[in-house]
Amino acid sequence: MLLVRQETLTVVARVAGAAPFAELRAALQALAADQMPGAGARPRVFADPALGIHFARLVLLEEPNDGQFGSSLIFESNFDTQVADAGQARFEHLVLLCQALSPSLWPVFRHCSGLAPEASAPQLAQWLAEHQLQASAAYQGHSHRDLARIRLEQHLRNVLLDFFSRTPKAPPRELYHAARKHVRLQCGSDPQLSGLNIDQPAPLSPDAALRRQRLRAGLRAWLENLSSDLVLFVLSQLPNIRRWQKLDPEYDHRVRQEAWTDADRRSFLEMAGTEDHALQNALTHVVPLKGAERLALLLFSHGYIDTMARNHFNDIGQLGGIPTIHFAKWLLIDDSSRLVFFSNYDSSWESYLGDFVDRAAIGLNLAWTLTMGYPTTSYLTQLGASDEERFKAWSRAYQRPTQVFYTAYPELGLAALNNNTWIRCGLHHPPGAAELRAWFRRIT
């Protein structure tokens, strides 16, 4: 049996120079309105079960006509697949996407360069595939749980809550076995529990002992994942790193705020209007590199972050110790002259950035120290983000609106998603006394 895993793709396309931006913005607004839960009687775009999309976004990077960079349209999807090869999985996802959603996507992408007028669904899929960019680093907060499993485990918790609300008081062990019996009966009649068999081994889940061990690892995890190539390359770059530390100007957020224009204020209001509306939010951040001579070091740093994600952070479901991030990725655009960061997170922008500063300063510094305006670091990893006021002002200065954001489970935070998994796994194997008390606490 092929295991379902999560994959991600990003398409970056140049907006045609003569494109009517008012029409493009209107098309994005129409898609954004459709993503609101309960919007109209029809299913939301991107919600087709065959697509298996967890999160999707469309972002317009609209640049001034006389600016250094051209305007771009970015599409991102995080989706389920059983295809082992990442490239093939992405292409097949784009084919399915265009078969299902060409009428919805065409009004947006028709404003991009190189797309044939009235392109067919296969032509649109091929064009999107040709405009993909690979992430320089990526993280997945629940990579081994597909959409069907996430929804099943959420519904299972509701079934258990309903059962315990109607069941007379009894000793915990007796209640537990009564709950298992009830779930077995429900599996035969409730289509939302289809495929659940609590008498079989539990599915792949985060290993609790390994997770506890890695959560305590701290700095040791960073040291254990250092490669000799990275160490040697950084040592070769030490003269440059020292020189950059001395010469790079410090980011002066107060001067920047005092120089705000009406256009800056309109941009801020547009950006603020796209966030903090629900439990889950999307962050889009775009910042130029400080110079092409720093690109190689940035790529080595991002390779290190990507290794940490695959070997450490993905397993514990926390990026740099932050337990509220569903997905995150970095990628380079505009001939590797600008760095884009996408993140899907729980709670507010303020708490999210605060968690970054408090728990993930090393990762933040490695990811962004070579980009324009980033607070000055010492040897790539120290200082930088520890200046919270300056870091938050810098983050906001280079943030962009996320015009279209889709989430398949907008009411479900990462903590609740993990909690539902542990409730489900507790039904597969009768726990000991201490674990049983913990299991009941998870339900309530």
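Report relative contact order for the range 208-407 in percent, whole number only (criteria: Cα-Cα under 8 Å, sequence separation at least 6).
About 29 percent, as a whole number.
Mind pulling up the Rg/Rh value for the chain? Radius of gyration and Kirkwood radius, both on Cα.
We get a ratio of 0.99 for the chain.
Ranking D252, D199, D387 by Cβ neighbours within 10 Å, fewest first, what do you get?
D199, D252, D387
Whole angstrom only: what separates the Cα centroid of the range 140-210 from the Cα centroid of the range 373-444?
Each part reduced to its Cα centre gives a spacing of 23 Å.
Just to be sure I understand: with springs between alpha-carbon atoms less than 10 Å apart, which residue in Q245, Q403, Q257 has the highest mean-square fluctuation in the Gaussian network model of the chain?
Q257
If exposed chymotrypsin sites (Phe, Trp or Tyr not before Pro) are those in a DSSP loop with at most 13 other Cβ within 10 Å, what is the longest stretch of the chain that has none?
With a cap of 13 other Cβ atoms within 10 Å, the longest stretch comes to 1-259.
What is the Cα centroid distance between the range 49-78 and the range 316-347, reported in whole angstrom?
Each part's Cα centre sits 15 Å from the other's.
Return the lysines within reach of K329: Cα separation strictly under 27 angstrom, same-chain partners fewer than 8 residues apart disregarded; answer none if there are no such residues.
Reachable lysines: K290, K392.
Compute the distance in nm between two label points, each set 7 Å from the Cα along the Cα-to-Cβ direction, one at R151 and one at L247.
So the label points at R151 and L247 sit 5.6 nm apart.
Evaluate the relative contact order of the range 5-133 (contact order divided by residue number), counting alpha-carbon pairs under 8 angstrom at least 6 apart; express in whole percent.
Relative contact order for the range 5-133 comes out at 37 percent.
Taking a ≥ b ≥ c as the square roots of the eigenvalues of the Cα gyration tensor of the range 208-407, is the shape rounded (a/c under 1.5), prolate (a/b larger than b/c) or oblate?
Oblate shape, in that a/c is at least 1.5 and b/c is the bigger or equal ratio.
Could you give the angle, 0 to 90 degrees to the nearest 10, between helix 262-272's Cα long axis and the longest principal axis of the Cα atoms of the chain?
Relative to the chain, helix 262-272 is tipped by roughly 10 degrees.
Which lysines, on any chain, are close to K169 with Cα under 22 Å apart, when same-chain ones fewer than 8 places away are left out?
Qualifying lysines at Cα under 22 Å: K181.
Relative contact order for the range 60-190: what percent, with Cα pairs under 8 Å and sequence separation of 6 or more?
Relative contact order here is 15 percent.
Over all distinct alpha-carbon pairs, what is the Kirkwood Rh of the range 5-133 in angstrom?
15.3 Å
Bear in mind these aren't lab numbers, they're just calculated from the coordinates by the rules spelled out. Source: prediction; values computed, not measured. Cβ: placed from backbone, ideal geometry, glycine included. Neighbour counts: every protein chain shown.
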